[in-house]
1. Mind checking which residues of region 1-44 are of a type outside the set (S, T, N, Q), surrounded by 14 or more Cβ atoms within 10 Å (Cβ to Cβ), in a loop (DSSP other than H, G, I, E, B) and in contact with a strand residue (DSSP E or B) (Cβ under 9 Å, 6 or more places away or on another chain)?
2. Applying the selection to region 57-81, what residues are in a helix (DSSP H, G or I) and either in contact with a strand residue (DSSP E or B) (Cβ under 8 Å, 6 or more places away or on another chain) or open to solvent by less than 30 Å² (accessible area, probe 1.4 Å) (or both)?
3. Here is a check on your reading of the model: is residue 49 among the hydroxyl-bearing types (Ser, Thr, Tyr), farther than 27 Å from residue 113 by Cα, touching a strand residue (DSSP E or B) at 6+ places or on another chain (Cβ under 8 Å) and open to solvent by less than 40 Å² (accessible area, probe 1.4 Å)?
4. Please determine whether any residue of region 98-116 is open to solvent by less than 80 Å² (accessible area, probe 1.4 Å), among the acidic types (Asp, Glu) and in a helix (DSSP H, G or I).
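The values are calculated or read from the model by the stated rules, or taken from the named source; none is laboratory data. Just so it is clear, the structure is predicted and the values come from calculations on it, not from any experiment. All Cβ positions, glycine included, derive from the backbone under ideal geometry; neighbour counts span all protein chains shown. These area figures cover heavy atoms from the full protein model, side chains too; ligands, DNA and RNA do not enter into them. Shrake-Rupley method; radii C 1.70, N 1.55, O 1.52, S 1.80 Å.
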Amino acid sequence: VEGGTRLDQAKKELAKVLAVLAKETQVNLLFFDDSIDAWQKQLVPIRSSLPHALKTIEELRPRGGTNIYDTLELAFQDPNVDTLYLLSDGAPGSGKYIDTTEILREIRVLNRSRQITIHTISLGKSPFMKELAEQNGGEYAEVN
């Protein structure tokens, strides 16, 4: 793949997003496969955390399965979250819900009162990731 792997390209996209966020923006990163690992215990200001966040992203290696629903559900638990960026191949393989139709339905239910914007960055074409972004006021980007 020109310019590195899809993961390398996705990491560049994520780094670009973080670099242009307003200085007062607070962020966290959740890494997931069959399990979910939070970079921080809570949201942290991007201004002071950007170098550490970029280093963490750079060191990111491919992981196993794809637990999209449980990761989104965990992100929803932070009352201060108003925007999510989901970076994935969009092929759920583990978690409470694996069927993409069920994930879309359950996220609609969770997001009815929260109104969290969900942007998606898909590693390859993913109608599911596109729909997830569209249903939740976000934008869809595809990395081939």
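1. Within region 1-44, 21, 29, 39, 43 meet the criteria.
2. 57, 68, 69, 70, 71, 72, 74, 75, 76, listed by residue number.
3. yes
4. yes
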